[in-house]
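Colleague: To start, I am sharing the structure in question, which I have written as structure tokens.
Only the coordinates and a few stated rules stand behind these numbers; no lab work does. Just so we're clear, the structure is a prediction, and the values are computed from it rather than from any experiment. Note that each Cβ is placed from the backbone with ideal geometry, even for glycine, and that neighbours are counted across all protein chains shown.
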Protein chains: 2
Amino acid sequence: MSILVVGSVALDTVETPFARVEETLGGAASYFATAASLYNQVNLVAVIGTDFPREYLDFWRGRPVNLAGLRIEEGRTFLWAARYHMDMNTRDTLDTQLGVYAGFHPVIPEEYYSSKLLFLANIQPELQMEVLEQVSGVSLSVLDTMELWIMTARAQLTEVIKRVDMLLMSEEEIHQYTNCASIVKGVRQLLDMGLQYVVVKQGSYGALLFGADGTFFSAPTYPLEEVIDPTGAGDAFAGGLLGYLSTVEPQQDGCYSVDQIKLGVVHGNIIGSFVCEDFSIGRLRTLIMDDVAERYQCLVACSHFDPDWRFSQPGQVKTVIK
Amino acid sequence: MSILVVGSVALDTVETPFARVEETLGGAASYFATAASLYNQVNLVAVIGTDFPREYLDFWRGRPVNLAGLRIEEGRTFLWAARYHMDMNTRDTLDTQLGVYAGFHPVIPEEYYSSKLLFLANIQPELQMEVLEQVSGVSLSVLDTMELWIMTARAQLTEVIKRVDMLLMSEEEIHQYTNCASIVKGVRQLLDMGLQYVVVKQGSYGALLFGADGTFFSAPTYPLEEVIDPTGAGDAFAGGLLGYLSTVEPQQDGCYSVDQIKLGVVHGNIIGSFVCEDFSIGRLRTLIMDDVAERYQCLVACSHFDPDWRFSQPGQVKTVIK
């Protein structure tokens with residue numbers, strides 16, 4: 001079951017308190033496609049300039065990443081530069097140059113039409129809507145966004161939210177969009193717009209899954225000894241989530257079960273944690289499914305506890321002691 | 001199995017973005033004793049002034065809280081005032097008046113000597129050391145501290161850390177004390193000082209347990225719809241942790257098993273979440289063990305997932321489809 005992603009492919013310059021990389025592979029769609037292609041075929045829709053390094057294309061060609069929807073246009077690839085603060089959870093954007101993205105309109109190749117899973121990375125809501133107009137029969141559509149669109153394209157973003165199944169948002173974005181001080185209340189407001197699921201991305205604290213059916217799931221996060229670069233962790237999270245779902249069968253009604261979605265969130269956390277271990281897609285290049293399985297077992301061990309606890313009256317305990 | 005706590009009993013004035021209370025019951029030992037007395041007998045050591053409202057003493061007398069170690073001295077009870085920021089995870093201390101705490105030295109009554117669990121709340125490290133000099137034969141000693149002592153009494157705090165079994169610290173406190181940007185590295189430095197366990201308090205994100213034996217456990221937190229006042233959540237966490245442990249038997253070597261400690265952390269999170277639902281000890285007053293059991297089941301449901309996932313090759317899935 002193949003996965004369709006539409007979003008940015010970029011060249012990133014990233015500075016952390018400890019190191020700096022220049023014009024390395026970045027962009028939400030790059031992280032997503034590299035992550036999800038560990039599980040299954042990814043159909044990529046994006047645009048790059050003629051300056052885009054050939055080595056990245058060769059890398060994707062060596063994996064199940066379909067590049068039929070990747071347009072190469074005269075001009076510069078999207079450039080993004082940012083500097084992380086000491087806590088590595090917050091950053092300042094230093095520069096954004098749209099380049100060939102300025103006039104971009106996504107075109108979904110016919111051979112992508114059979115994709116059953118869709119990830120709309122954080123591009124302009126009107127472009128996300130153009131994608132939705134071109135696809136049908138998707139089992140799960142997942143939407144990401146960013147502060148910029150909440151502030152500048154709220155109405156269009158709202159229309160897109162009403163058309164998708166799942167929304168990924170950070171806590172700050174939920175506060176910004178809903179004006180609720182309480183995340184739980186904000187999520188409820190979002191679910192009332194017709195979403196089936198809202199995933200709250202919490203950076204190094206993991207992710208929360210809320211369902212319209214009342215589902216709540218708190219996925220543990222893997223405790224990294226060292227975060228090298230958290231860029232792309234949210235996109236890799238989405239890659240792990242949809243990658244995992246692409247390996248299982250939806251239910252008879254065409255939808256995934258809540259338990260499948262939960263495991264998807266666990267996989268999202270796992271892949272998101274690996275991404276932080278190197279700059280760009282460095283860690284994803286070498287990642288194999290055995291690494292994922294090992295970290296999965298770590299998360300089981302570090303988050304499960306006796307499900308059957310019952311209170312023992314202190315009096316009962318004392319009797320045992322005597 | 002009774003629990004000994006030494007710490008502050010105070011009158012708090014707390015302001016949140018939504019409400020304000022004046023000179024209500026506060027102090028780490030108050031929160032701890034009220035929380036832990038839900039599980040078992042608590043032996044309290046603290047000092048109050050003659051202005052301390054009688055109703056709070058009557059409330060504790062109605063629970064298994066032993067007040068033999070609570071001294072009443074001429075003067076004013078410890079006063080603390082703080083204002084919370086919009087996110088409710090950070091606050092400014094507006095006023096601190098030690099009152100009768102200025103000359104306080106803890107004296108452990110003989111009838112407390114049989115206490116098998118000890119909580120050293122966040123008073124001055126030299127007073128915590130005075131407590132350690134007076135007790136022996138404790139199954140688990142748990143230490144809390146605060147930024148003030150890390151900054152002003154680092155050497156004394158270090159001596160206390162070397163003498164206890166478990167340390168509770170927030171992420172900020174670990175950064176401050178260890179100078180490590182990485183929590184995992186900071187925790188390792190602390191464990192190397194001889195601690196058996198370090199618990200990293202993460203506010204609304206829950207708590208992490210690290211053991212000298214390599215244990216790592218990430219306890220889920222209950223998603224509160226509304227946080228009224230997070231004051232005392234860390235002390236109530238300790239109350240839930242030691243309260244739970246007081247209801248189970250340590251192993252033959254006198255120590256608690258890792259699984260018991262894990263469940264203690266889960267109980268800590270549960271009780272900590274309840275405290276935030278009202279100002280002061282408001283919610284703890286009415287809390288019963290059925291409420292705890294219900295929230296425990298919620299946490300099981302929202303954090304456990306299939307422990308036996310194995311990767312299915314996409315090829316295998318496709319075969320099933322055809």
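Colleague: Give the nm distances, rounded to one decimal, from residue A:23 to the matching residue in every other copy, measuring between label points 7 Å along Cα toward the beta carbon; shortest first.
Modeller: Once sorted, the set of distances for residue A:23 reads 6.9 nm.
Colleague: Can I ask one more? Suppose every K and R has +1 on its Cβ and every D and E has -1 on its Cβ; what is the size of the dipole of the range B:251-317 about the Cα centre, in Debye to the nearest 20? Kindly include the intermediate steps, with their values, before the conclusion.
Modeller: Details: 5 positive and 9 negative charges, 26 e Å.
The calculation lands at about 120 debye.
Colleague: Taking the DSSP beta bridges in chain A as the whole, what percent of them are antiparallel, to the nearest 5? It would help to have the intermediate numbers written out before the result.
Modeller: Values: 20 of 53 bridges.
Beta bridges within chain A, antiparallel portion: roughly 40 percent.
Colleague: Can you find, among B:127, B:113, B:67, the residue sitting farthest towards the positive end of the charge dipole of the range B:64-136, where Lys and Arg contribute +1 and Asp and Glu -1 at Cβ?
Modeller: Most positive-ward Cα: B:67.
Colleague: Which residue fluctuates the most in chain B, going by a Gaussian network model with Cα springs under 10 Å, if the choices are B:15, B:277, B:225?
Modeller: Evaluated over chain B, the most mobile residue of the options is B:225.
Colleague: DSSP loop (so not H, G, I, E, B), at most 10 other Cβ within 10 Å: list which trypsin sites (Lys or Arg not before Pro) in the range A:126-163 pass both filters. Walk me through the numbers on the way to the answer.
Modeller: Working: sites: A:154, A:162, A:163; in loops: A:162, A:163.
Passing sites in the range A:126-163 are A:162.
Colleague: What is the order of B:168, A:57, fewest Cβ neighbours within 10 Å to most?
Modeller: Details: B:168 25, A:57 16.
Ordered from fewest to most neighbouring Cβ atoms within 10 Å, B:168, A:57 come out as A:57, B:168.
Colleague: Full-extension gain between residue B:172 and residue B:304, please, as 0.36 nm times their residue separation minus the C-alpha to C-alpha distance. Before the final figure, lay out the partial values.
Modeller: On the way: separation 132, 0.36 × 132 = 47.52 nm, distance 2.86 nm.
So the extension gain works out to 44.7 nm.
Colleague: Next question, about the same structure. For a label point 7 angstrom out from the Cα of residue B:181 toward its Cβ, which stretches of the range A:7-43 have the backbone nitrogen within less than 13 Å?
Modeller: Hits in the range A:7-43 for residue B:181 at 13 Å: A:15-21.
Colleague: In the protein assembly as shown, what % of DSSP beta bridges are antiparallel (nearest 5)?
Modeller: Numbers: 40 of 106 bridges.
Expressed as a percentage, antiparallel bridges in the protein assembly as shown total about 40.
Colleague: With the label 7 angstrom out along Cα to Cβ, how close does residue A:308 come to the same site in each of the other copies, in nm, nearest first?
Modeller: Output for residue A:308: 1.7 nm, nearest copy listed first.
Colleague: Further question: If you draw the axis that swings chain B onto chain A, which residue of B has its Cβ closest to it, and how far is that in whole Å?
Modeller: For chain B, the closest residue to the axis carrying it onto A is B:205, 2.
Colleague: Still on this structure, please answer the following. Which order do A:78, B:279, A:18 fall in if you start with the one that has the fewest other Cβ atoms within 10 Å? Intermediate values should be presented prior to the final figure.
Modeller: Numbers: A:78 24, B:279 21, A:18 13.
Taking fewest neighbouring Cβ atoms as first place, the list is A:18, B:279, A:78.
Colleague: Turning to a different aspect of this structure: Under a Cβ-Cβ cut-off of 13 Å, what is the net charge of the residues other than residue B:160 that fall near it, where Lys and Arg count +1 and Asp and Glu count -1? Let's see the in-between values first.
Modeller: Numbers: positive: B:154, B:162, B:163; negative: B:126, B:130, B:133, B:144, B:159, B:165.
With Lys, Arg at +1 and Asp, Glu at -1, the net is -3.
Colleague: Using 1/(1 + (r/R0)^6) with R0 = 35 angstrom and r between the beta carbons of residue B:87 and residue A:107, what's the FRET efficiency to the nearest 0.05? Each step should come with its number before you reach the end.
Modeller: Working: r = 42 Å, r/R0 = 1.21.
E between residue B:87 and residue A:107, to the nearest 0.05, is 0.25.
Colleague: Distances in nm, one decimal, shortest first, from residue B:53 to the same residue in every other copy, taking the label point 7 angstrom along Cα→Cβ.
Modeller: Here residue B:53 shows inter-copy label distances of 6.6 nm.
Colleague: Moving on to the next point. Just to confirm my numbers, what's the Cα centroid distance between the range A:173-226 and the range A:57-126 in Å?
Modeller: If you average the Cα positions of each part, the centres end up 24 Å apart.
Colleague: Among all the aspartates and glutamates, which ones have a C-alpha under 15 Å from residue B:162's C-alpha, if same-chain residues fewer than 8 places away are not counted?
Modeller: B:126, B:130, B:133, B:144, B:192
Colleague: Then there is this: In what sequence do A:267, A:85 fall when counting other Cβ within 10 Å, fewest first? If you can, show how the numbers build up before the last one.
Modeller: Working: A:267 28, A:85 11.
So the ranking, lowest neighbour count to highest, is A:85, A:267.
Colleague: Further question: Distance check, please: which entries in B:116/B:185; A:262/B:185; A:201/A:262 exceed 22 angstrom between their Cα atoms? Could you put the intermediate results ahead of the total?
Modeller: Working: B:116/B:185 31 Å; A:262/B:185 30 Å; A:201/A:262 14 Å.
Pairs exceeding 22 Å: B:116/B:185; A:262/B:185.
Colleague: Starting from the Cα-Cα distance between residue A:155 and residue A:290, subtract it from 0.36 nm times their residue separation and give me the gain in nm to one decimal. Numbers along the way, then the final one.
Modeller: Values: separation 135, 0.36 × 135 = 48.60 nm, distance 4.36 nm.
Difference between extended and current length: 44.2 nm.
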